[in-house]
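S.K.: The structure is given below, and queries will be raised subsequently.
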Amino acid sequence: MKKEIKQLLKSVNLELRRVTSEMKQEERELQFHQNLYQKYKDFTMIPEREFVDNLELCRRHTHIKGVIVECGVWRGGMSAAMSEVLGRDRTYFLFDSFEGLPDAKEIDGNQAIAWQANKTSPGYYNNCKAEEEYAHKAMQMAMVKNYYTKRGWFSETLPFFPKEEKIALLRLDGDWYDSTMDCLVNLFDKVVPGGIIIIDDYYMWDGCSRAVHDFLSTNKRVERISRSLNGVCFIYKH
Ligand SMILES: C[S@@+](CC[C@H](N)C(=O)[O-])C[C@H]1O[C@@H](n2cnc3c(N)ncnc32)[C@H](O)[C@@H]1O
């Protein structure tokens, strides 16, 4: 009996140590992600909690091989921080018009049209127009060598995405219906099985969620739409 109790205490102790070490590891990672937010906060318009959740999603996918693509990078802060989690030895593609957002249409919803009309609101960010130089600076701060910025409208640049490339993680942040649909039509098939597609605006803008639903439905896709703790939408590719 004594021997059994000793054995039980030993295994409880081992389990406690395992849980404690896992918790410490999680705390270290959270701190690292929060530090990355501080490093890149002038290069992103994503709020800290969502930014950190994006990095947490990246952390869970470091084992997936392939290139990383962000469509709608603005000043490149999210791509740069992702590279610090996913590794500098990969290739990164940053797509953006660097001219700001196209005009919102009826399909994007009244809120989107009203947001774009209100040019003096603090969240307007000059219609999301950014100098391309910022994106280069962010990627240089992350010390990524293999990266490409692709300037222009998604409908014109994405069809030229290299055929041979396989995408491990695709991050969509183009806000509107057409922008999101252009990305899905051109890049969804290039995401490897087990890869992940993060969709920044799914819970924010009607046009984005409509595009995701239309694309999945038209292509008879069975992928589920998931949500992180702080509301980041993502899809695991089957
Ligand atoms: C909300 S911002 C992206 C925010 C950025 N990911 C960050 O970390 O802060 C949206 C970006 O998408 C770009 N964009 C939207 N639709 C586009 C399209 N159809 N073609 C090219 N760029 C587009 C805009 O120029 C803008 O920089």
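S.K.: Would you mind finding the one in Met204, Met143 that is within 15 Å of the ligand (Cβ to nearest atom), in a loop (DSSP other than H, G, I, E, B), modelled with pLDDT of 95 or more and of a type in the set (A, V, I, L, M, F, W, C)?
M.R.: Numbers: Met143 fails: within 15 Å of the ligand (Cβ to nearest atom).
Just a single option satisfies the conditions, and that option is Met204.
S.K.: Tally the residues that are in contact (Cβ under 8 Å) with a residue 40 or more places away in the chain, of a type in the set (A, V, I, L, M, F, W, C) and closer than 16 Å to Pro102 by Cβ, restricting the search to the range 114-136.
M.R.: 2
S.K.: In addition: Output the number of residues of the range 189-205 satisfying the condition of being buried (at least 17 other Cβ atoms within 10 Å of the Cβ) and over 15 Å from the mean Cα position of the chain (by Cα). Give the derivation first.
M.R.: Narrowing the range 189-205 to residues buried (at least 17 other Cβ atoms within 10 Å of the Cβ): 190-191, 195-202, 205.
Right, trim to over 15 Å from the mean Cα position of the chain (by Cα) and you get 190, 205.
Residues flagged as buried (at least 17 other Cβ atoms within 10 Å of the Cβ) and over 15 Å from the mean Cα position of the chain (by Cα) within the range 189-205 amount to 2.
S.K.: Out of Gly109, Gly66, Gly76, I need the residue that is within 11 Å of the ligand (Cβ to nearest atom) and either under 27 Å from Asn35 (Cβ atoms) or touching a residue at least 12 places away in the same chain (Cβ under 8 Å) (or both). Which one? Reasoning before the result, please.
M.R.: Working: Gly109 fails: within 11 Å of the ligand (Cβ to nearest atom); Gly66 fails: within 11 Å of the ligand (Cβ to nearest atom).
Of Gly109, Gly66, Gly76, the one residue that is within 11 Å of the ligand (Cβ to nearest atom) and either under 27 Å from Asn35 (Cβ atoms) or touching a residue at least 12 places away in the same chain (Cβ under 8 Å) (or both) is Gly76.
S.K.: Continuing with the same structure: Looking at Arg18, Arg28, Arg49, Arg90 in this structure, which one is in a loop (DSSP other than H, G, I, E, B) and among the charged types (D, E, K, R)? Full working, then the answer.
M.R.: Numbers: Arg18 fails: in a loop (DSSP other than H, G, I, E, B); Arg28 fails: in a loop (DSSP other than H, G, I, E, B); Arg49 fails: in a loop (DSSP other than H, G, I, E, B).
Sole residue among the options that is in a loop (DSSP other than H, G, I, E, B) and among the charged types (D, E, K, R): Arg90.
S.K.: For the range 146-160, which positions are within 13 Å of the ligand (Cβ to nearest atom) and either of a type in the set (A, V, I, L, M) or surrounded by fewer than 17 Cβ atoms within 10 Å (Cβ to Cβ) (or both)? I'd like the intermediate steps shown before the answer.
M.R.: Initially, the range 146-160 is screened for residues within 13 Å of the ligand (Cβ to nearest atom), giving 149-159.
If the condition is that a residue be within 13 Å of the ligand (Cβ to nearest atom) and either of a type in the set (A, V, I, L, M) or surrounded by fewer than 17 Cβ atoms within 10 Å (Cβ to Cβ) (or both), then Arg151, Gly152, Trp153, Ser155, Glu156, Leu158, Pro159 are the ones that fit.
S.K.: Here's something else I'd like to know. Which of the residues that make up the range 22-48 are surrounded by 15 or more Cβ atoms within 10 Å (Cβ to Cβ) and within 14 Å of the ligand (Cβ to nearest atom)?
M.R.: If the condition is that a residue be surrounded by 15 or more Cβ atoms within 10 Å (Cβ to Cβ) and within 14 Å of the ligand (Cβ to nearest atom), then Leu36, Tyr37, Lys39, Tyr40, Lys41, Phe43, Thr44, Met45, Ile46 are the ones that fit.
The values are calculated or read from the model by the stated rules, or taken from the named source; none is laboratory data. Since the model is a prediction, treat every value here as computed from it, not as a measurement. Neighbour counts run over all protein chains shown; Cβ positions are idealised from the backbone, glycine included.
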